[in-house]
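Accompanying notes for the structure given below.
Please treat every number below as a calculation from the coordinates, not as lab data. This is a predicted model, so every value here is computed, not measured. We place every Cβ from the backbone using ideal geometry, glycine too, and count neighbours over all the protein chains shown.
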Amino acid sequence: MIRTIVAGLLLCLSVDAACQEPPAQSKLNDEVLTSFASSKRKQTADIGATLGLQIAPEIGKFFAAAEQGDWNSVSNLYTNLRARTGVDQGTVRDPAFAVQLFQPVLETFGAYEAFVRWDRALLRKFGEDILRSIPDGSIYFGGTDPGRSTPRNFNDGRRRPENACRWLTAA
């Protein structure tokens, strides 16, 4: 288990060397990825309903693009949504944008970015190995972008029920 964690950390640290530049136009046809996007859309709707928040139309467009595997639209819509959160230096939070709904968007973008930039076989191994290394009842801290979104992406609920461990993966 320790070797898997160490290997995962080393892989995260060397992510720039292993990354590929995103293609100019890319349609990603991966069932795991589109299923993840659908689950994140549902999570966003659940958060909105629970907190009584209006979901910005751009969030709906983002998830529609993600479910279609449209990397260019996912990337462009994410950039616009992120600017509205006010988290980056030089940006101002848009008061009409419910930032509580941004975490599922961030996780979805992170998963898509990893699928575009990484070798698919290595990415799959990275995500699934992390999932296997987490004992039930654990708290998982996913600090890097790939460490945050990749294990969640490969968790389909059959390998590791969502309540088997706690996920602390905020940006």
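For region 50-63, the Karplus equation 6.51 cos²θ - 1.76 cosθ + 1.60, evaluated at θ = phi - 60°, returns couplings of 5, 8, x, 9, 7, 8, 4, x, 5, 5, x, 5, 4, 5 Hz by residue, with Gly and Pro reported as x. Count Lys and Arg as plus one, Asp and Glu as minus one, and take only other residues whose Cβ is under 13 Å from that of ASP88; the net charge is then +2. Taking amide H as placed 1.01 Å from N in the peptide plane, the amide H of PHE97 sits under 5 Å from none that are at least 5 places away or on another chain.
Annotation: the residues ARG117, ARG93, sorted from fewest to most other C-beta atoms within 10 Å of their own C-beta, follow the order ARG93, ARG117.
Taking the inverse of the mean 1/r over every pair of distinct Cα atoms in region 39-99 gives a Kirkwood hydrodynamic radius of 12.2 Å.
Amide H contacts for ASP70 (H built 1.01 Å from N in the peptide plane; partners 5 or more residues away or on another chain; cut-off under 5 Å): LEU28. Counting neighbouring beta carbons within 10 Å and listing from fewest to most, the residues ASP46, ASP129 come out as ASP46, ASP129. Neighbour counts of C-beta atoms inside 10 Å place THR150, THR44 in the sequence THR44, THR150, starting with the fewest. Taking the Cα centre of region 78-133 as reference, the dipole from Cβ charges on Lys and Arg (+1) and Asp and Glu (-1) amounts to some 60 debye.
Compactness ratio for region 65-147: Cα radius of gyration over 2.2 N^0.38 Å (N = residue count) comes to 1.28.
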